[in-house]
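Below is one structure; the comments refer to it alone.
The values are calculated or read from the model by the stated rules, or taken from the named source; none is laboratory data. The structure displayed is predicted, hence computed values, not measured ones. When we count neighbours, we look across all protein chains shown, and the Cβ atoms used for this are built from the backbone with ideal geometry, even at glycine. With ligands, DNA and RNA removed, areas are computed over all heavy atoms of the protein, side chains included. Shrake-Rupley method; radii C 1.70, N 1.55, O 1.52, S 1.80 Å.
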Amino acid sequence: MKEIKISDHIWFVGENDRRKELFENNWPLPYGVSLNTYLVNDEKSALIDTMEFGVAANYIAKIRRVLNGKPLDYLVVNHLEPDHASMIDGVLQAFPGVKVVGNMQTFKILQHYYTIPEENKLQIKDGDEIQLGESVLQFFTAPWVHWPETMVTYEKNTKTLFSCDAFGGFGALDGGIYDTNVNFEAHYMSEMRRYYSNIVAKYSNMVQKALAKLGGLDIARICPSHGLIWNNPAKVIALYDKWSRQEAETNGVVIAYASMYGNTEQMADHIGNLLGEKGIEVRTFDVSKTHVSYILNEIWKYKAVVLGTCAYNTKMHPMMEHLCNEIGLNEPKNKIWSLFGSSTWNGAGVKDLKKFAEEAKLEICGPIVEMTGGASPEKIEREAEELVAALIEKLK
Ligand code: FEO
């Protein structure tokens, strides 16, 4: 992308990446992702984060164009994950006099990735400021949003918050870089929640702490490291507040099942149809077909989750185990959980699901519906009806 002027002194010098298949080599990117980095070009200049090496072919040239012959004075490292930091070496080579700005944690971690000469390091503390001219950068540590060294940078003159991963989202920037350029609800909101539920969710309590810490700032614009730039910051702050409080957006049910030959799937559809008949919104996923990334997104959106598995070599199905592992890692809270499944001789799959639920301290709603092989319609209907009745009662 070409450099884009945001204000008198602030430039967007980031890139879209529509080639990468998997973010963190784990999460699908059907609509790409943006790697946002910003240049504050005042009497002195500061680059806010860098970008991943693979999309940085034009990065240094863009910075040089904006600086127009001036040196780069500061490189602010809000976050060291390589999607934002792998061009640190490149920036140092292009601008050997640059001061690399970070907190104590930044430099502890940075030494394991990059060699920065001592004279290039500038260690700041929470609340410290650097005057660039009219522009003044102030730094606030935001540990674990998303790594322990993470901080955000506030430019006081324009009231711009460079928020790093916080307020970010999946999805390349199509047709402009601002929230005002796009139909957010139609596309970006789901990609933003998917990013939150996949990447940030585990640290929701730290997001709450960061929101409280930054609550006193007058914020006119949010410039995150992925996704849209927010000229209406109140909207995205409210969304992040809701997601990090782990409040469901919709009082409906996600059903995720693993089924080899369709018997567990029949049960999933039966439960789903019973819920639908009672007016409950349902989203049903085959875990072998839909990537766990999208299922986590829906789990974050809906209030109740019903997990079902067939037995597989004395365990739950491996794809359900994958989903359970991600649920265990991301620790969604305030959900209603129910379980079901099938086996042929020893109940292994459901036994495994129960064990997972106990270890993850999930409170189970209603009976755990278990059938042997292709269950009789009577058994399916009776037990599934009890499960659905219990779910509806809880959802009220
Ligand atoms: Fe976008 Fe935690 O890096």
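Miscellaneous remarks
- Model label points for Glu281 and Lys202, set 7 angstrom from Cα along the Cα-to-Cβ axis, are 2.9 nm apart.
- Local electrostatic count at Glu134 - Lys and Arg +1, Asp and Glu -1, tallied over other residues with Cβ under 12 Å: -2
- Listed residues His146, Ile48, Ala94: farthest to the positive end of the dipole of the stretch 34-167 (Cβ charges): Ala94
- Between the stretch 356-396 and the stretch 98-156, the alpha-carbon centres lie 51 Å apart.
- The chain: angle of helix 233-244 to the longest principal axis, Cα-based, in degrees nearest 10: 40
- Using R0 = 30 Å, the C-beta based FRET efficiency linking Lys379 and Gln246 works out to 0.30.
- Largest-first ellipsoid semi-axes for the stretch 4-244, taking √(5λ) over the Cα gyration tensor eigenvalues, angstrom: 25, 20, 18
- One decimal place: the segment Glu331-Trp144 gains 65.8 nm when fully extended, by the rule 0.36 nm per residue minus the C-alpha distance.
- With the cut-off at under 17 Å, measuring from each backbone N in the stretch 10-54 to a point 7 Å along the Cα-to-Cβ line of Ala186 picks out 31.
- Too-long pairs where the Cα-Cα distance tops 22 Å, listed order kept, from Lys213/Lys235; Lys301/Lys333; Lys315/Lys335; Lys333/Lys355: Lys315/Lys335
- Helical content alone sets the calculated 222 nm signal of the chain at -9500 deg cm²/dmol, taking -39,500 (n - 2.57) per DSSP H segment of four or more residues and averaging over every residue.
- In this calculation the C-beta distance from Ala390 to Glu119 is compared with R0 = 56 Å, giving a FRET efficiency of 0.25.
- Since only Asn346, Asn334, Ser288 are under comparison, the one whose Cα sits farthest along the positive direction of the charge dipole of the stretch 253-395, derived from C-beta charges on Lys, Arg, Asp and Glu, is Asn334.
- Note that the chain presents 42 Å² accessible area per residue, ligands and nucleic acids not counted, probe 1.4 Å.
- Principal-axis tilt of helix 292-301 within the chain, Cα atoms, nearest 10 degrees: 90
- For the listed residue pairs Lys20/Lys289; Lys108/Lys159; Lys2/Lys99; Lys361/Lys396; Lys108/Lys209; Lys44/Lys125, the alpha carbons are over 28 angstrom apart in Lys108/Lys159.
- Taking the accessible area of the chain, probe 1.4 Å, and keeping the other protein chains in place, the carbon and sulfur fraction comes to 49%.
- Size of the stretch 28-131 as Cα extents on the principal axes (Å, biggest first): 40, 33, 25
- A Förster radius of 35 Å combined with the Cβ-Cβ distance from Ser288 to Lys235 puts the calculated FRET efficiency at roughly 0.45.
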